[in-house]
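Down below is the structure, laid out as structure tokens.
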Amino acid sequence: MKILRTILWVLAALGFLIFAIYNWQPVELTLWQNLVLETKVPVLALLAFAAGFLPMWALHRSVTWSMGRRIRTLENSLKAAATARTPPADPAPVETPVDNFGKSPDAPADILGPTGTTTSGSDNP
């Protein structure tokens, strides 16, 4: 992609050079009543291009810099959160009252329930 950008800039410079060669004529530009600027046409065209290009380029660079800072800040906070959070050593299963709702402690095993949830000593499928 950089080679394409370089080729475009070289073509633009070549086009401006051809324009400058064929339009090398002096012009008078009246800025105020008593202030007159006498310059060549290519210099005036180059100043007009710079006057339009440089503010937009500066805005683009500032937005890129700002977004880069924001991304780095978010990445650093993610890294800090990931390293600060440690998994529990031995998570004990918590039995909530909702799991045992309507069951008495000495109730027989649920035949339709998953295996391993029997309350009696035998494993019935």
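Less than 5 angstrom separates the built amide H of Asn23 from none of the residues sequence-distant by 5 or more or on a different chain. Probing with 1.4 Å while keeping every protein chain in the model, the per residue accessible area of the range 38-86 equals 85 Å². A straight chain from Ala48 to Leu35 at 0.36 nm per residue would run longer than the Cα-Cα distance by 2.8 nm.
At 1.4 Å probe size, with the rest of the protein present, what percent of the exposed accessible area of the range 1-73 is carbon and sulfur atoms? The partial results should precede the final answer.
Values: 4710 of 6580 Å².
Exposed carbon and sulfur together represent 71 percent of the surface.
Amide H contacts of Lys40: Val27, each under 5 Å away and 5 or more positions distant or on a separate chain (H built 1.01 Å from N in the peptide plane; Pro and chain starts excluded).
Order Lys40, Lys2 by their accessible area, 1.4 angstrom probe, all chains in place, largest first. Can you show the working numbers first?
Numbers: Lys40 65, Lys2 145 Å².
Accessible-area ranking of Lys40, Lys2, largest first: Lys2, Lys40.
Sorting 10-18, 25-33 by their mean Cβ neighbour count within 10 Å, with the most densely packed peptide first, gives 10-18, 25-33.
The values are calculated or read from the model by the stated rules, or taken from the named source; none is laboratory data. Quick caveat, the model's predicted, so the values are computed rather than measured. Note: ideal-geometry Cβ built from the backbone for every residue, glycine included; neighbour counts use all protein chains shown. Ligands, DNA and RNA are excluded from the accessible area calculation, which covers all protein heavy atoms including side chains. Shrake-Rupley method; radii C 1.70, N 1.55, O 1.52, S 1.80 Å.
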